[in-house]
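Below you'll find the structure, written out as C-alpha cells, and then a few comments.
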Amino acid sequence: MGSPATLEHYKAGMVLSGAGDAIGYQWEFSFSGPDIHKAVKKLGGLKNIIVKLPDWLVSDDTVLHLATAEALATGKEGEELLQEVASRYVEGMKDMEGRKPGPSSILGVSQLKPGTEGGYRVAYNPEGTGCGAAMRSMCIGLRYPQPEQLSSLVAVAVETGRMTHPHPTGFLGAVASALFTAYAVQRRPITTWGLGLVKEACPAAKEFVKTAGYAVEETERDWGFFTEKWEWYLELRGLSLGTEPVIWPDQYGPAERDEAYKSFSHSGWAGRSGHDAPMIALDALLGAGSNWEELMSRAGFHGGDSDSTAVIACCCWGLLYGTEGVPPCNYSNLEYRDRLEKSAEELYKLSH
C-alpha cells in the first residue's frame, strides 16, 4: 500500500467495485450471513465464482456509479457538471431491467429536469435516507483526490447526492464514499478515515449546504443522526482519536457480524442507509487488510444490502491494493468492464 496510486489502481478501483456489486447483488435480499457463506461454499468458494452475464449482472449501484463517473470524465465543472450528472442519471434509470433500484433513487430521478435552470435539484424528502447516493459516489474521490480539493469533493458529493437523496443521512453517505476513495488515493491510514469524515468532511458539507442556500432548514433539522452514529461507531472501534489498534469483538464471524451490522443500521436492514453502507465498508476494510476473500466475506456476504456495502469497499480496496490476489474470474468478464476502465482512465488524467 506504500506506493502512490497509479492508473492501474484507478482501474482496479472502478472494476472491482463493479465486481463486488455483481457478487454481493446475488444475495442483496438475504438476511443471513451464515447462509450466504454456505451458498458461496457450495459454488466452490469465491475463487470459483465466474462473474459474467446473464447470471451475474451488476445492479443499479454500478449503473449509477458509471453515470456519475462518466459525467465527471467530461471534465465539466460547477453547474455544467451537475446538469451533466442529472442527465446521465435520467439515462441510467432506463437501464434498470433486473437491477432493482431503490425507491428514493426512482423518485429523485423522476423529478430531475436536466437542461432547465436548477433542474438538478429535487424537493426535500424526509425519507431520502437510503444508500443510493453513497453507492454511486466513490468516483468523485478519484476526480478530486487531493487534500486541498476537499471543498470540490464535498460540493459535488452533496449536490449529486441530493439529486435523489436530499436528506443528510442520504447525501452524507455520498460524501463518505467519495472521501474514502480520496483517502485511499492519498494512502492515508484507514484507521483515520472515519475521523476525517466526522471532523473534516461533515463540517465542510454543513457549511456548503448553508452557502448553497437550498433546503437549509430541513437539512439542519435532520443533520444530527449521521454524525452521531459515526461518532458512536468510532468509539466502538476505539478510533475516536484515529489511532490504532482497532478494537474488535472476541468473536466476529458471519453471525456476529450480522448482529453488529444491524446495530450500525437505521432500522435493522444492514447497509440500507447512507450512514451505514460506508460504515460497513470501512469496517470490512479495517478487518480484511489486503485479503480480497476476507474483504468479500465481510463486505459482500452479510445479511442486508450486501451489494451496496461491497461496491464501496471494493472500490477503496482496488485503489489500495490493485487486483493482486483477486481471481481473474471474479472480474474479467464483468458486465460494463470496458466502461469502468475507460472512466477510470479519464478520471486519472483529470486528477493529475
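Side notes on the structure shown:
- Conditions (1) farther than 19 Å from R237 by Cα; (2) surrounded by 24 or more Cβ atoms within 10 Å (Cβ to Cβ); (3) modelled with pLDDT of 95 or more: number failed by A277: (1)
- Within region 201-219, restricting attention to residues that are without any contact (Cβ under 8 Å) to a residue 24 or more places away in the chain and part of a helix (DSSP H, G or I), the residue that is surrounded by the most Cβ atoms within 10 Å (Cβ to Cβ) is K206.
- Of the set (1) assigned to a helix (DSSP H, G or I); (2) over 19 Å from the mean Cα position of the chain (by Cα); (3) closer than 25 Å to E200 by Cα, all apply to S240 but (1).
- Flag for D305 being closer than 14 Å to I36 by Cβ and among the charged types (D, E, K, R): yes
- Among the residues listed as L319, L334, L350, the single one being over 23 Å from T129 (Cα atoms) and under 18 Å from the mean Cα position of the chain (by Cα): L319
- Residues satisfying the stated conditions in region 188-200, i.e. surrounded by 14 or more Cβ atoms within 10 Å (Cβ to Cβ) and not in a helix (DSSP H, G or I): R188
- Residue in region 162-176 that is within 20 Å of V15 (Cα to Cα), aromatic (F, W, Y) and surrounded by 21 or more Cβ atoms within 10 Å (Cβ to Cβ) present: no
- Residue tally, condition part of a helix (DSSP H, G or I), buried (at least 24 other Cβ atoms within 10 Å of the Cβ) and not β-branched (V, I, T), over region 134-154: 9
- Residues that are out of contact with any Cys (no Cβ under 8 Å at 6 or more places or on another chain) and within 20 Å of S177 (Cα to Cα) occur at least once in region 252-261.
- One residue from S105, S110 being among the hydroxyl-bearing types (S, T, Y), out of contact with any strand residue (DSSP E or B) (no Cβ under 8 Å at 6 or more places or on another chain) and assigned to a helix (DSSP H, G or I): S110
- Residue in region 51-72 that is surrounded by the most Cβ atoms within 10 Å (Cβ to Cβ), counting only those that are out of contact with any Ser or Thr (no Cβ under 9 Å at 6 or more places or on another chain) and part of a loop (DSSP other than H, G, I, E, B): V58
- Members of region 257-281 that are out of contact with any Ser or Thr (no Cβ under 7 Å at 6 or more places or on another chain), among the hydrophobic types (A, V, I, L, M, F, W, C) and within 26 Å of P126 (Cβ to Cβ): F264, W269, A270, M279
- Among the residues of region 220-248, just one is aliphatic (A, V, I, L, M), without any contact (Cβ under 8 Å) to a residue 24 or more places away in the chain and surrounded by 13 or more Cβ atoms within 10 Å (Cβ to Cβ), namely L236.
- Any hit, region 93-108, residues being crowded, with 22+ Cβ neighbours inside 10 Å and in contact with a helix residue (DSSP H, G or I) (Cβ under 6 Å, 6 or more places away or on another chain): no
The values are calculated or read from the model by the stated rules, or taken from the named source; none is laboratory data. Model, not experiment: these values are computed from the prediction. Using ideal geometry, Cβ is built from the backbone for each residue, glycine included, and neighbour counts are taken over all protein chains shown.
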